[in-house]
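Quick notes on the structure that follows.
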Amino acid sequence: MEDVYIHPSAFVSKDCCIGKGTKIWVNAQVRENSTIGENCIISKDTYIDIGVEIGNNVKIQNGVSVFHGVTIADDVLVGPNVCFTNDYYPRSFNNEWIITETKVRHGASIGANATIICGNTLGEYCMVGAGSVVTKDVPPYTLVVGNPAVPVGKVCKCGRRLQNDKCLACEV
């Protein structure tokens, strides 16, 4: 793992793959068979479970839990304290539970304290508002907010909300 920074307090399995330029910060844990791309930031107190796949240029902020079955594409931002689930029927006594996959597509952004219920796909460049609970797929370039999260508008690739199908910042 050349050109990778791992804080001394982080626990990173020797059986994972971490791309060049990635930084893993204080108290983060990266489990075996997970893959993290190049130039990522895995912030303080983040948990990356077994077999998770994370693309390039991904920023995962403090206190995030990314559980087995989650795939995160390139250029994604995951805000602080976001939680991904992976079991529709959680019970402490169920030893035969089934992992339900979740996909986060290229360029998506997830706001602080959002919960992403398993089995959903977050589309390219979509935006999930802070504190939202995603229970359904989010289409590309769509802004969702609330519990349950519902579409409230469209966003530009730059992240700003579209007005009359145009981005005032990008003039697109």
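The values are calculated or read from the model by the stated rules, or taken from the named source; none is laboratory data. Remember, it's a predicted structure, so these values are computed and weren't measured experimentally. Here the Cβ positions follow ideal geometry from the backbone for every residue, glycine too, while neighbour counts run over all protein chains shown.
Restricting the search to the stretch 28-50, which residues are buried (at least 17 other Cβ atoms within 10 Å of the Cβ) and touching a Cys at 6+ places or on another chain (Cβ under 6 Å)?
Scanning the stretch 28-50 gives 30, 34.
Return the residue satisfying two criteria in turn: it lies in the stretch 11-20 and is surrounded by fewer than 16 Cβ atoms within 10 Å (Cβ to Cβ) and not charged (D, E, K, R), and of such residues it is farthest from residue 47 (Cα to Cα).
17
Give all pairs with beta carbons closer than 7 Å in which a residue from the stretch 129-143 that is closer than 17 Å to residue 82 by Cα meets a residue that is assigned to a strand (DSSP E or B) and charged (D, E, K, R); count only pairs at least 6 apart in sequence or on separate chains.
From the stretch 129-143, the pairs are 143/154; 143/161.
For the stretch 122-138, what are the residues that are closer than 18 Å to residue 72 by Cβ and either touching a Pro at 6+ places or on another chain (Cβ under 7 Å) or assigned to a loop (DSSP other than H, G, I, E, B) (or both)?
Across the stretch 122-138, the qualifying residues are 123, 124, 125, 126, 132, 137.
Which one of these does residue 62 not meet: (1) surrounded by fewer than 19 Cβ atoms within 10 Å (Cβ to Cβ); (2) closer than 21 Å to residue 117 by Cβ; (3) within 14 Å of the chain's Cα centre (by Cα)?
Result: residue 62 passes all but (2).
Can you name the residue in the stretch 153-172 that is free of Cβ contacts under 8 Å to residues at least 24 places away in the same chain and touching a Gly at 6+ places or on another chain (Cβ under 8 Å) and, of all such residues, is surrounded by the most Cβ atoms within 10 Å (Cβ to Cβ)?
162
When only residues in the stretch 99-121 that are more than 17 Å from residue 73 (Cβ to Cβ), crowded, with 18+ Cβ neighbours inside 10 Å and among the β-branched types (Val, Ile, Thr) count, which is farthest from the chain's Cα centre (by Cα)?
Per the criteria, the residue is 117.
Results for (1) under 20 Å from residue 31 (Cβ atoms); (2) at pLDDT 95 or above; (3) assigned to a loop (DSSP other than H, G, I, E, B), shown as yes or no for each residue.
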{"site": "57", "(1), (2), (3)": "no, yes, yes"}
{"site": "88", "(1), (2), (3)": "no, no, yes"}
{"site": "119", "(1), (2), (3)": "no, yes, yes"}
{"site": "143", "(1), (2), (3)": "no, yes, no"}
{"site": "168", "(1), (2), (3)": "no, no, yes"}
